[in-house]
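K.L.:
Input: one structure, supplied below.
The values are calculated or read from the model by the stated rules, or taken from the named source; none is laboratory data. Small disclaimer: the values here were computed from a predicted structure and weren't measured. Cβ sites come from the backbone with ideal geometry, for glycine too, and all protein chains shown count toward neighbours. Protein only, heavy atoms only, side chains kept; ligands, DNA and RNA dropped before computing areas. Shrake-Rupley method; radii C 1.70, N 1.55, O 1.52, S 1.80 Å.
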Amino acid sequence: FLVHSVAMSPKRTRHIDDYIAQCVREHPDKLVGFGTLHPDSPDIEADIDYAISLGLKGIKIHPDMQLFALDEPRSLKMFEALEGRLPVLIHTGDKRYPYSNPRRMAKVMRRFPGLTAICAHLGGYSEWEEAVDLLPGTGVYVDTSSSLFALAPERAAEIIRAFGVDHVLFGSDYPFEDASDMVEYVKNLPLGEQERSMLYYKNAQALGVHV
């Protein structure tokens, strides 16, 4: 399981990283941890160094909760610091909020093509058509969390193949969705067994975010 949280203020960043790292140490055979960043941190580079020193394998951010737009200057400083260093899992999309839509994410990838970005919710929660129009070919990875319940299996498979099956990771968004339910959703997609194994674990192994 990949475990992570988000900092609602800069001062919470390292406390969260410490907690996630402790959880991983207690369950090293089951957990992989991502740290977090906040765009208002006075020293983003030092925060990234700290996460790496704890053995955390990436960074999680949630623009809609942390209240920043993906393509604003303070965000770009984070992505510049992360490029080539750690993968970043980004909550992406939600028609209710303006912060993390696929259009903004596409701008980020044009600016930082070497960034390893995992866009949650198939690239844009509730904005899947915009995501599949704008993000394939930019280099982003996506995950399957909180998406498959809303899409017909045939359409979900089309979107996955549009991104490239080698760029899609299994995700559950627990506790909002149960992981076992998400496994069943993937089983019911019109994909081959090799494609499913790539989603379930092989792509995560390739990114180094696995036990």
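K.L.:
For ASP43 and TYR97, calculate 0.36 nm times their separation in residues minus their Cα-Cα distance, and state this gained length in nm to one decimal. All intermediate terms of the calculation are to be shown ahead of the outcome.
P.N.:
Values: separation 54, 0.36 × 54 = 19.44 nm, distance 2.74 nm.
Going from the current span to full extension adds 16.7 nm.
K.L.:
As a check on your grasp of the helix formula, calculate [θ] at 222 nm for the chain: sum -39500 (n - 2.57) over DSSP H runs of n ≥ 4, divide by the residue count, round to the nearest 500.
P.N.:
Values: 10 runs with 85 residues, N = 211.
So the calculated ellipticity at 222 nm is -11000 deg cm²/dmol.
K.L.:
If I model a spin label as a point 7 Å beyond the Cα along the Cα-Cβ vector, how far apart are those points for GLU158 and MET8 in nm?
P.N.:
Calculated label separation equals 4.0 nm.
K.L.:
Counting only protein heavy atoms, what percent of the accessible surface of the range 5-134 is carbon or sulfur at a 1.4 Å probe? It would help to have the intermediate numbers written out before the result.
P.N.:
Details: 2950 of 5810 Å².
Ligands and nucleic acids excluded, carbon and sulfur reach 51 percent.
K.L.:
Measure of size requested: the Rg and Dmax of the range 149-211, with Cα atoms as the atom set and Å as the unit; please supply both.
P.N.:
Taking only Cα atoms of the range 149-211, I get Rg and Dmax of 11.4, 32 Å.
K.L.:
Still on this structure, I have one more. Got a number for the accessible area of HIS38? Probe 1.4 Å, square angstrom, nearest 10.
P.N.:
10
K.L.:
While we're on this one: Name the residues whose placed amide hydrogens come within less than 5 Å of the amide hydrogen of LEU169, ignoring near sequence neighbours (fewer than 5 apart) on the same chain.
P.N.:
VAL142, ASP143, THR144
K.L.:
Follow-up question, since we're still on this one. Name the residues whose placed amide hydrogens come within less than 5 Å of the amide hydrogen of LEU2, ignoring near sequence neighbours (fewer than 5 apart) on the same chain.
P.N.:
Residues meeting the amide H criterion: VAL32.
K.L.:
Also, quick follow-up: If you take the charge dipole of the range 88-211 about its Cα centre, with +1 on Lys and Arg Cβ and -1 on Asp and Glu Cβ, which of ILE160, GLY192, GLY114 is farthest toward its positive end?
P.N.:
GLY114
K.L.:
Something else: Give the accessible area for LYS77 in Å² (nearest 10); use a 1.4 Å probe, count only protein heavy atoms, and leave out ligands, DNA and RNA.
P.N.:
Solvent-accessible area, nearest 10 Å²: 140 Å².
K.L.:
With the chain treated as a Gaussian network of Cα nodes joined by springs under 10 Å, which of ASP29, ASP133, ASP17 yields the largest mean-square fluctuation?
P.N.:
ASP29
K.L.:
Over the chain, what relative contact order in percent results from Cα pairs under 8 Å that are six or more residues apart? Don't skip to the end; give the middle numbers.
P.N.:
On the way: 397 pairs, mean separation 31.6, N = 211.
For the chain, the relative contact order is 15 percent.
K.L.:
Please give the length that would be gained between TYR201 and ILE52 if that part of the chain were fully extended, namely 0.36 nm times their separation in residues minus their C-alpha to C-alpha distance (nm, one decimal).
P.N.:
Numbers: separation 149, 0.36 × 149 = 53.64 nm, distance 2.24 nm.
The TYR201-ILE52 span can extend by a further 51.4 nm.
K.L.:
In debye, nearest 20, what is the charge dipole magnitude of the range 57-204 about its Cα centre with +1 on Lys and Arg Cβ and -1 on Asp and Glu Cβ, if you could check? Walk me through the numbers before you get to the answer.
P.N.:
Working: 17 positive and 21 negative charges, 128 e Å.
Charge dipole, the range 57-204, about its Cα centre: 620 debye, nearest 20.
K.L.:
Mind checking the per residue accessible area of the chain for me, 1.4 Å probe, whole number of Å²? Present the calculation step by step, with values, prior to reporting the outcome.
P.N.:
On the way: 9870 Å² over 211 residues.
With the other protein chains kept in place, the chain gives 47 Å² per residue.
K.L.:
Sticking with this one: Hey, what D do you get for the chain in µm²/s if you plug the Kirkwood alpha-carbon radius into Stokes-Einstein at 20 °C and 1.002 mPa s? Intermediate values should be presented prior to the final figure.
P.N.:
Details: Rh = 17.0 Å.
D = 126 µm²/s.
K.L.:
What percent do you get for the relative contact order of the range 62-181 when only Cα pairs under 8 Å and 6+ apart count? Let's see the in-between values first.
P.N.:
Values: 207 pairs, mean separation 25.1, N = 120.
For the range 62-181, the relative contact order is 21 percent.
K.L.:
Moving on to the next point. Classify the range 1-100 as rounded, prolate or oblate from the Cα gyration tensor: take a ≥ b ≥ c as the square roots of its eigenvalues, call it rounded if a/c is under 1.5, otherwise prolate when a/b beats b/c and oblate if not.
P.N.:
Working: a/c = 1.91, a/b = 1.48, b/c = 1.29.
It is prolate, given that a/c is not under 1.5 and a/b is the larger ratio.
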